[in-house]
Amino acid sequence: MGKRIIQQRRGKGSLTYKTRAKAGLYRPGYPRNIEGEYKVIGLISSPGHSAPLAKLINKEGKQLINFAANGIYVGQKIKIGGTSNGDITTLGNLKNGTKVFNIENSQGDGGKFVRTGGSAGVILNKENDKVTILMPSKKEKKFSPECRVTIGILAGDGRKEKPVLKAGKKFFIMKSKSKLWPRTSAVKMNAIDHPFGSGRGKRIKSKIAKRNAPPGKKVGLIRPRRTGRKKR
């Protein structure tokens, strides 16, 4: 009798495969209507994010949590619509070459892009009511000038620079995050464990999974735009 493969077991949820409750403890972003000036009253180390968070408050006592820019400190004033490091503003107010992070995909969504520690996008140009940003992936993406961003480089850079020298240390790091480790390559599994498994045919061809395929079959190329070599 067969057993559920790794994707199916992960989808069911268990002690091995679960989402940590602490990951959703803080929801950084921009509320729909924010204006004026805020003050940094604390820096938060969130277990669900790779970058530190900044806790802000205004004169009326309204609080918000946003990703912390590199170099900000407790007591710093954050302006909504400003042009200094850590300020929150819209893309239309900034010059070319400005580094930004936590970029909204559409106006008012609170921020969707460039939210990993140490990352930043660079404004390249503005034309035809669109602002082009060079993303950390080195790809260009266009946004509306009304989309809000935070100025600067996101804090938390260098978190992966310290090497993990022992396998045991890596094991306990992954265990604390409820991750399965070490990861086994699919072609090294038995046929019963994965569609790519078995001793024969190690030189597998990429498989295209259907859109409505179940978790056990959704392996290989997931809804690719194209396959094969590009012809010049």
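What list do you get for I133, I173, I80 if you sort them by fewest beta carbons within 10 Å? Please report the intermediate quantities before stating the final value.
Details: I133 24, I173 12, I80 18.
So the residues, fewest neighbours to most, are I173, I80, I133.
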Open item on the list: Can you tell me the mean projection area, over all orientations, of the convex hull of the stretch 99-204's alpha carbons? Units nm², please.
Closed with: 11.1
Task: Cα long-axis angle, helix 167-176 against the chain (0 to 90 degrees, to the nearest 10) - done: 70
- [ ] Quick one: net charge around L134, please, counting Lys, Arg +1 and Asp, Glu -1 for every other residue with C-beta under 12 Å from its C-beta.
- [x] +4
Task: Binned Cα-Cα distances of the chain, short to long, each 10 Å bin given as a whole percent - done: 7, 23, 24, 24, 16, 5, 1
Open item on the list: As a test of the definition: which semi-axes, in Å, follow for the stretch 21-151 when you take the square root of five times each eigenvalue of its alpha carbon gyration tensor? Largest first, please.
Closed with: 23, 17, 13
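Could you put S46, S178 in order, starting from the residue whose Cβ has the fewest other Cβ atoms within 10 Å? Could the numbers behind the result be given before it?
Values: S46 17, S178 13.
Ranked by crowding around the Cβ, least crowded first: S178, S46.
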Task: Of G197, N70, P224, farthest towards positive along the dipole that unit charges on Lys, Arg, Asp, Glu beta carbons give the chain - done: G197
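For the stretch 28-93, give the magnitude of the charge dipole about the Cα centre (Cβ charges: +1 Lys/Arg, -1 Asp/Glu; no others), in debye to the nearest 20.
The dipole magnitude comes to about 100 debye.
Remind me, what semi-axes does the stretch 142-206 give for its equivalent ellipsoid, largest first in whole Å, using sqrt of 5 times each Cα gyration tensor eigenvalue?
On the way: eigenvalues 281, 111, 25 Å².
Output for the stretch 142-206: semi-axes of 38, 24, 11 Å.
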- [ ] With springs only between Cα atoms under 10 Å apart, run a GNM on the chain and tell me which of I65, I192, I153 wobbles the most.
- [x] I192
Task: Top of S198, S45, S84 by mean-square fluctuation, Gaussian network on the chain, Cα under 10 Å - done: S198
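Please find the FRET efficiency linking K59 to N125, where r is the Cβ-Cβ separation and R0 is fixed at 41 Å, and quote it to the nearest 0.05. Present the calculation step by step, with values, prior to reporting the outcome.
Numbers: r = 37 Å, r/R0 = 0.90.
According to the calculation, E is roughly 0.65.
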Task: Summed residue charge, Cβ within 13 Å of Y38's Cβ, Lys/Arg positive, Asp/Glu negative - done: +2
Open item on the list: Let me spell out the model: positive unit charges on the Cβ of Lys and Arg, negative unit charges on the Cβ of Asp and Glu, origin at the Cα centre of the chain. What dipole size does that give, in debye rounded to 20?
Closed with: 2260
Open item on the list: Taking 25 Å as R0, compute the FRET efficiency from the Cβ-Cβ separation of K12 and R203 and round it to 0.05.
Closed with: 0.20
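Within the set K3/K179; K138/K230; K141/K177; K3/K218, which residue pairs have Cα atoms separated by over 24 Å? Don't skip to the answer; put the middle values down first.
On the way: K3/K179 20 Å; K138/K230 20 Å; K141/K177 32 Å; K3/K218 16 Å.
Check vs 24 Å cut-off fails for K141/K177.
Calculated from DSSP H runs of 4 or more alone, at -39500 (n - 2.57) each and per residue, what is the 222 nm mean residue ellipticity of the chain, nearest 500? List each step's numbers first, then the result.
Values: 2 runs with 17 residues, N = 232.
Mean residue ellipticity at 222 nm (helix-derived): -2000 deg cm²/dmol.
A short reminder: the numbers here are calculations on the coordinates, not readings from a lab. Remember, predicted model here, so these are calculated numbers, not experimental data. Quick reminder, even Gly has a Cβ in these numbers, built from the backbone with ideal geometry, and neighbours come from all protein chains shown.
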